[in-house]
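See below for the structure under consideration.
The values are calculated or read from the model by the stated rules, or taken from the named source; none is laboratory data. What you are looking at is a predicted structure, and each value in this text was computed from that prediction instead of being measured. Don't worry about glycine lacking a Cβ; one is built from the backbone with ideal geometry, like all the others, and counts go over all protein chains shown. Quick note on the areas: whole protein, heavy atoms, side chains included, nothing else; ligands and nucleic acids left out. Shrake-Rupley method; radii C 1.70, N 1.55, O 1.52, S 1.80 Å.
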Amino acid sequence: MKKNKNKRKIILGFLLIIILTIAGGVVSYQGIGKKHTGSAKNIDLGLDLAGGVSITYEVQGKKVSQKDIDDTIYKLQKRVQGYSTESEVYQEGDKRIKIEIPGVTDSNKILEELGQPGTLLFMSPDGKTVLTGSEVKSAEAQTVDNKGIKEYIVALEFNKKGTKAFADATKKFYKQQIYIIYDNEIISAPTVQTEIKNGECQITGMESFESAENLASSIRIGALPVELKELSSEVVSAKLGVDAIQSTLKAGAIGLALVVLFMIVVYLVPGFCASIALITYTIMTLLALNGFNITLTLPGLAGIILTIGMAVDANVIIYTRIREEIATGKSVLSSIKAGFSKASSAILDGNITTLIAAAVLFAKGTGSVKGFAETLAMGIVISMFTALVVSRVLAYAFYYFGFKDPKFYGKMRKGRQINYVKLSKKCMILSLVVILAGFAFMPVNKANKDIGHILNYSLEFSGGTASTVTFEKDTKLDSDLEQKVVKLYEDISKSSSVQTQKVTDNHQMIVKTVVLTLEQREKLEKELTKDYGVKTVTCANISNTISSEMQRDAVIAVIIATICMLIYIAYRFKDVKFGGSAVLALLHDVLVVLTVYSVGRLSVGGNFIACMLTIVGYSINATIIIFDRIRENLKSMDVNEHGLDGIVNASINQTFTRTINTSITTFIMVFCLFILGSSSIREFALTLMAGIVCGGYSSVCITGPVWYMLKKREKKDNNKTVTEKKPLLGKAEKQKVSKRTGKRHKRR
C-alpha cells in the first residue's frame, strides 16, 4: 500500500516537472501578456550586449591631484553599482571622468538621480566648518522599526579624520544644530542628541523613504573629493556587435545538445534523466535572471553557459554511485536510493563551499567581481535543486515506468588501479616546472616593446585609447562595418582587446583599445578616412576601468573567501588538513592558468578576474568529491590493513570516472565557445579550458596525495607508523591482536 502511494507521488511529481518545464520554456521564449513578462528578451543586458548611458564629467579646479581623481572614480564606481554591478567609471584624458551604465536609456533621469556634484560642508551654529564632504565615508537611506512604527533615517559614516572632527563637534554643540550645506544651500539641520565618538550617526525625522534617499544622495555626491561639471550625456549602443551575442548563444545551444548526447550515450536511462534536469536548469536560470533583475554581460553569458556544463557534475556523481551500488549486487531500486543518499553529502559540501565563496565575493567585491558572484550563487542554488530534487524524481519515475533492468543503467567498468600517491611526486615536479615557466616569461613580456608589462594587460587594467570616429551621414553603420573597423584596430594595435560603441543619432562610433602610439593613430586615421567613409577621428587616452582599488577589493574578497572555504572544509571533514590541501590545490590551479596568460601573452582584462574566480569554484568542487570519498573510506576500510596511502589511492580510483566525465562535459561547453565565439570571448574560453584540464589534473594527482603527506607527517610527529601499509595478518594472529587490545581496553 505504502509502495503504491510513493509510486503515485513520484509519477505526479514527474508530470509536474514536465508541465512546469514546458511552461517555463514557453514563458522564457515569448513571455506573458503584452509586455512579455518573463521572456528571455527582457533580461537586463550589460553595456557590452545592449548598450546604455554614457556620461562625461570634467574635474573643476586647477590644484587637483591624481589621488583626488582616483578617489572620485572609486566613489562614483561604488555609487553607480546601484544601477548595475557592471557599470564602469574611468578617467579620459587629464581631467575627464566617464561613467557608463548598462541597461538604461534615460540619461536625464540618471543625471537627476546622481545629482550635480558640488561642495558639501558640515557647519556649526556660529558658521564655522566642522568637516567637509571628503570626510564622509558613506550615506545610506534606511527604514528602521521603532516599537512597531516605521521610521526613515539617513545613516552616516565618517572616515578616521571625520570621526575625530565629528566627535569634537557633537561634544561642543550638544543640543544644538549642525547644518549640512550643499552648494551653499542648507539641505538638513539635525540637532545633536549625544556626543558621537565612533564615527557613525543617524539623521532621524525624515518624512518618507524618498526624502531620506534624496538627502543621502546629496551627501554622497557632495562627498566626492573634487567638484565635477557635466560635459555630455548620451545613449550608446553595445560595445560588442549583435554577431557576438548570436555566436555565443549558438555556441551554448550546440554545447548543450552535445552534453545531452554525451550523457545519454554514457549513462543510458540516468543520462536521459540528467538531460531533462539540465534543460529544467537552463530554463530556471533564464527565469531567475529575469526575476532577480541580474544584469547579464558577455562574460556573464559565457559563465551561464559554463555553469550548464558544471551542472551536469552533480548528476554524474549520483549516477556513478548508482552504478557502483548495482555492481555490488543490489536491486535497481535500492541502488537508486543508496546512490542519491551517498552522493548528497559530496554535492552539498561542494556547492555550499562554492556558495560561501560567492557570498564573500558579492559582499566584498566590486564591478565584475560582484556581478560574477551574483550569477555564480544563482547557478549553484538552481543546480542543487535540479540535482537533488528534479533528478531524484525523474530517476524513480523512469524506474516505475518499467526501466527496472540493470542493463538500462550501464555497467561499472573496473579500470586500472593507479598508485596516485607514488605518482604525485613526479606530478608535483611537473607542476612546479610549469609554474616557474610562467614566472620566467614575465620579465620577457615586460622587455617586449609591444607589451611592456609582466602580463599583457588590456585596457581594463592598464588603460588605453578611446577614438571617436565620426562617419559621413550617408555611411551605413551596420554590423559588417563594425566588424571591419574592429579588425582594422586589431591589426594595427596588435591586440584583440577592442571594444566598439555606436552613439545614437550622432553617426559616431567610439572605439576603445590598448594605448596607441602616434604612428598607430595616424595610420588608423589614414585608413579610416580612405576606405570607411569617415569624416574625423579624435583620440584620447583613458584610464583603466578596473581601478587599483577594485583590484584590491577583488584580492581581499578572494583571500577572505579562501579562508572561509578552508574553515568550512576543516569543520565538515573534522580535519584542517583537508582544508589546507584544498587551498594548496586551488593555488596550484590559479598559478598554472597564470602561466597560460604569461606564456601565451593572452589579454588580461575584466575576463581575467571572471576566469580566475570560475577556476577557483571549479577546482574546489572537484577536490571535495575526492575528499568526500576519502572520508567515507576511512570509516569503511581498515587503516592498518590498507594504509592511508591505499585509502587515498582507492578513493581517487573510485571517483576517477566522475572526474573525467565532468571535465569532458564542461570542456565541451567551453570548447564550443572557443570555436564559435567572438574574438573577445575566445581568449576567455581558452583559459577556461586550461583551467578545466588543470582542475581535473590537480584534484586527481595532487589534492589527495598532499593530504596523505600532511597526515603522514602528523603521524611521524606523534611517533606513529600506522600510515604505512602493513602485511596482512593471519586469522590466529588477528585473534591474538584482538585479545591484547580487548585486555588493554578493560584495564582502562
Sort through Ser467, Ser493, Ser479, Ser424 and tell me the only one that's over 29 Å from the mean Cα position of the chain (by Cα), among the small types (Gly, Ala, Ser) and closer than 30 Å to Ile318 by Cα. Ser424
Looking at the range 170-179, can you tell me whether even one residue there is surrounded by fewer than 19 Cβ atoms within 10 Å (Cβ to Cβ) and either touching a helix residue (DSSP H, G or I) at 6+ places or on another chain (Cβ under 8 Å) or of a type in the set (S, T, N, Q) (or both)? yes
Going by the conditions given, is Ser431 closer than 30 Å to Lys337 by Cβ and assigned to a helix (DSSP H, G or I)? no
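Yes/no per residue for (1) at pLDDT 50 or above; (2) in contact with a Pro (Cβ under 7 Å, 6 or more places away or on another chain); (3) closer than 29 Å to Leu584 by Cα; (4) among the polar types (S, T, N, Q):
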| position | (1), (2), (3), (4) |
| --- | --- |
| Cys672 | yes, no, no, no |
| Phe684 | yes, yes, yes, no |
| Val693 | yes, no, yes, no |
| Ser699 | yes, no, yes, yes |
| Arg713 | yes, no, yes, no |
| Gly730 | no, no, no, no |
| Glu733 | no, no, no, no |
The range 533-544 residues that are farther than 12 Å from Leu459 by Cβ, paired with ones that are open to solvent by less than 40 Å² (accessible area, probe 1.4 Å) and not in a strand (DSSP E or B) (beta carbon under 6 Å, 6 or more apart): Gly533/Thr475; Val534/Leu528; Val537/Leu528; Ala540/Gly93
Only residues that are β-branched (Val, Ile, Thr) and either part of a loop (DSSP other than H, G, I, E, B) or surrounded by fewer than 16 Cβ atoms within 10 Å (Cβ to Cβ) (or both): list them for the range 407-428, please. Ile418
Scanning the range 673-683 for residues that are part of a helix (DSSP H, G or I) and open to solvent by less than 10 Å² (accessible area, probe 1.4 Å), the one farthest from Ser458 (Cα to Cα) turns out to be Leu673
Are there any pairs, at least 6 apart or on different chains, whose C-beta atoms fall under 9 Å, with the first in the range 570-582 and free of Cβ contacts under 8 Å to residues at least 24 places away in the same chain and the second surrounded by 16 or more Cβ atoms within 10 Å (Cβ to Cβ) and among the hydroxyl-bearing types (Ser, Thr, Tyr), and if so, which? Gly579/Tyr568
Scanning the range 434-449 for residues that are open to solvent by less than 100 Å² (accessible area, probe 1.4 Å) and in a loop (DSSP other than H, G, I, E, B) gives Asn448
Taking the criterion of being charged (D, E, K, R) and at pLDDT below 75, would at least one residue in the range 219-238 satisfy it? yes
Being in contact (Cβ under 8 Å) with a residue 40 or more places away in the chain and open to solvent by less than 50 Å² (accessible area, probe 1.4 Å) is the filter here, so list the residues in the range 503-525 that pass it. Val503, Gln508, Met509, Ile510, Val511, Lys512, Thr513, Val514, Leu516, Leu524
Checking the structure you have, find out if any residue of the range 650-665 is of a type in the set (A, V, I, L, M), more than 29 Å from Ser495 (Cβ to Cβ), open to solvent by 20 Å² or more (accessible area, probe 1.4 Å) and touching a Phe, Trp or Tyr at 6+ places or on another chain (Cβ under 8 Å). yes
Evaluate the range 110-122: report whether one residue or more is open to solvent by 40 Å² or more (accessible area, probe 1.4 Å), over 42 Å from the mean Cα position of the chain (by Cα) and closer than 24 Å to Gly61 by Cα. no
Quick check on the range 371-379. Is at least one of its residues open to solvent by 10 Å² or more (accessible area, probe 1.4 Å), at negative phi, outside any loop (DSSP other than H, G, I, E, B) and modelled with pLDDT of 85 or more? yes
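The rows are residues; the columns are (1) under 14 Å from the mean Cα position of the chain (by Cα); (2) at pLDDT 90 or above; (3) part of a loop (DSSP other than H, G, I, E, B); (4) among the β-branched types (Val, Ile, Thr).
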{"site": "Phe272", "(1), (2), (3), (4)": "no, yes, no, no"}
{"site": "Ala288", "(1), (2), (3), (4)": "no, no, no, no"}
{"site": "Pro299", "(1), (2), (3), (4)": "yes, no, no, no"}
{"site": "Leu306", "(1), (2), (3), (4)": "yes, no, no, no"}
{"site": "Lys337", "(1), (2), (3), (4)": "no, yes, no, no"}
{"site": "Ser344", "(1), (2), (3), (4)": "no, no, no, no"}
{"site": "Gly350", "(1), (2), (3), (4)": "no, no, no, no"}
{"site": "Leu361", "(1), (2), (3), (4)": "yes, no, no, no"}
{"site": "Thr366", "(1), (2), (3), (4)": "yes, no, yes, yes"}
Please state which one of Leu361, Leu388 is open to solvent by less than 60 Å² (accessible area, probe 1.4 Å) and either more than 25 Å from Ile17 (Cα to Cα) or aromatic (Phe, Trp, Tyr) (or both). Leu361
Which of (1) in contact with a helix residue (DSSP H, G or I) (Cβ under 7 Å, 6 or more places away or on another chain); (2) outside any helix (DSSP H, G or I); (3) small (Gly, Ala, Ser) is the odd one out, the single condition Ala561 does not satisfy? (2)
So in the range 570-611, with the set limited to residues that are among the aliphatic types (A, V, I, L, M) and outside any helix (DSSP H, G or I), which one is surrounded by the fewest Cβ atoms within 10 Å (Cβ to Cβ)? Leu602
Just name the residue that is farthest from the chain's Cα centre (by Cα) out of those in the range 20-43 that are open to solvent by 60 Å² or more (accessible area, probe 1.4 Å) and at pLDDT below 80. Lys34
Can you name every residue in the range 526-555 that is open to solvent by 70 Å² or more (accessible area, probe 1.4 Å), at pLDDT below 80 and assigned to a helix (DSSP H, G or I)? Ser548, Arg552, Val555
Would you mind stating whether Lys502 is assigned to a strand (DSSP E or B), modelled with pLDDT of 80 or more and in contact with a strand residue (DSSP E or B) (Cβ under 7 Å, 6 or more places away or on another chain)? no
Single residue of the range 185-195 satisfying the filter (touching a Lys or Arg at 6+ places or on another chain (Cβ under 9 Å) and open to solvent by 30 Å² or more (accessible area, probe 1.4 Å)) that is nearest to Lys172 (Cα to Cα): Glu195
Answer yes or no as to whether Leu686 is surrounded by 24 or more Cβ atoms within 10 Å (Cβ to Cβ) and of a type outside the set (Val, Ile, Thr). no
Counting only residues that are surrounded by fewer than 16 Cβ atoms within 10 Å (Cβ to Cβ) and closer than 14 Å to Leu528 by Cβ, how many does the range 491-502 have? 1
For the range 198-205, check the following and say yes or no: at least one residue is crowded, with 18+ Cβ neighbours inside 10 Å and at pLDDT below 90. no
